[in-house]
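Nothing in this text is a laboratory measurement; each read-out follows from the coordinates by a stated rule. Being a predicted model, the structure only gives us computed values, none of them experimental. Positions of Cβ are generated from backbone atoms using ideal geometry, with glycine treated the same way; all protein chains shown enter the neighbour counts.
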Amino acid sequence: MVKIQERKFVSAPPEKCVGGQVCEYICAWNKENVVKPLKSRIRVVRLNPLVNISITCRLCEDPPCVAACSRDALTQAEENGTILVD
């Protein structure tokens, strides 16, 4: 697991994200025990009908959003812990 101090930024190429927002719900549930996307540490923003981008992330040690994404669009980089939309 990557240490938080080694993490730099979030990279979010939008090729796979369909804007399901499941990552937001599961993050809020795991971190705050509420089903409220506004409490999530990750945000999905729809730029247009075809492009969704993850713009905010607090880089959890064991990110529940990665496991929750049904399209396997999220991964965590081994070298620095960034969450990638791939």
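One table, with the values for the structure above:
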item	result
Simple spin-label estimate for VAL18 and ALA77 in nanometres, 7 Å along Cα-Cβ	2.7 nm
Ordering of 70-81, 37-48, 16-27 by burial proxy (mean other Cβ atoms within 10 Å per residue, highest first)	16-27, 37-48, 70-81
